Amino acid sequence: QVQLVESGGGLVQPGGSLRLSCAASGFNFSSYAMSWVRQAPGKGLEWVSAVNSGGDSTSYSDSVKGRFTISRDNAKLTLYLQMNSLKPEDTAVYYCAKSVYSSGSYYFDEYDYWGQGTQVTVSS
């Protein structure tokens, strides 16, 4: 069974930092691109970032570019999202998702498995 389990969320002040993790199992993690997607209160899903299977190519939404860094440790079967300079508008449930391809994109239909999400709240 494919499993994706997010962790690392919590409450942080504006300007602070947080690192999210996504532990993967049940598939060949190193063969697939991965993404982070978020859902703010009362809003729809927003693609945040993607990393290819090898971890050497990344992409970001304009809203997080320069502040967030996606990475992966294929040996540890773990995806990460380092979030710096956090803003209140970053408040959301953050999900990790598995792509069907080795190179991911912002198209939601390429992601066949999703985690349960972890809550990030940015507030003073």
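The values are calculated or read from the model by the stated rules, or taken from the named source; none is laboratory data. These numbers were taken from a predicted model, which means no experiment stands behind them. Glycine gets a Cβ as well: all are built from the backbone with ideal geometry, and neighbour counts include every protein chain shown. The accessibility values were calculated without ligands, DNA or RNA, using every heavy atom of the protein model including side chains. Shrake-Rupley method; radii C 1.70, N 1.55, O 1.52, S 1.80 Å.
A few notes on this one:
- Segment 9-31 - residue that is under 14 Å from the mean Cα position of the chain (by Cα) and more than 12 Å from Gly115 (Cβ to Cβ) and, of those, surrounded by the fewest Cβ atoms within 10 Å (Cβ to Cβ): Arg19
- Leu77 open to solvent by 60 Å² or more (accessible area, probe 1.4 Å), closer than 17 Å to Glu6 by Cα and out of contact with any Cys (no Cβ under 7 Å at 6 or more places or on another chain): yes
- Within segment 57-82, residues that are free of Cβ contacts under 8 Å to residues at least 24 places away in the same chain sit with their Cβ atoms under 6 Å from residues that are surrounded by fewer than 18 Cβ atoms within 10 Å (Cβ to Cβ), at 6+ positions apart or across chains, in these pairs: Arg67/Asn84; Arg67/Ser85; Thr69/Gln82.
- Among the candidates Asn74, Asn84, residue that is closer than 18 Å to Val120 by Cα and at pLDDT 95 or above: Asn84
- Candidates Ser85, Ser71: the one that is open to solvent by 20 Å² or more (accessible area, probe 1.4 Å) and over 12 Å from the mean Cα position of the chain (by Cα) is Ser85.
- Segment 96-124 - residue that is buried (at least 17 other Cβ atoms within 10 Å of the Cβ) and of a type in the set (A, V, I, L, M) and, of those, farthest from Asn52 (Cα to Cα): Val122
- In segment 32-58, the residues that are open to solvent by 40 Å² or more (accessible area, probe 1.4 Å) and under 17 Å from Val100 (Cβ atoms): Tyr32, Gly54, Ser57
- Selection status of Val93, closer than 23 Å to Gly15 by Cβ and open to solvent by less than 20 Å² (accessible area, probe 1.4 Å): no
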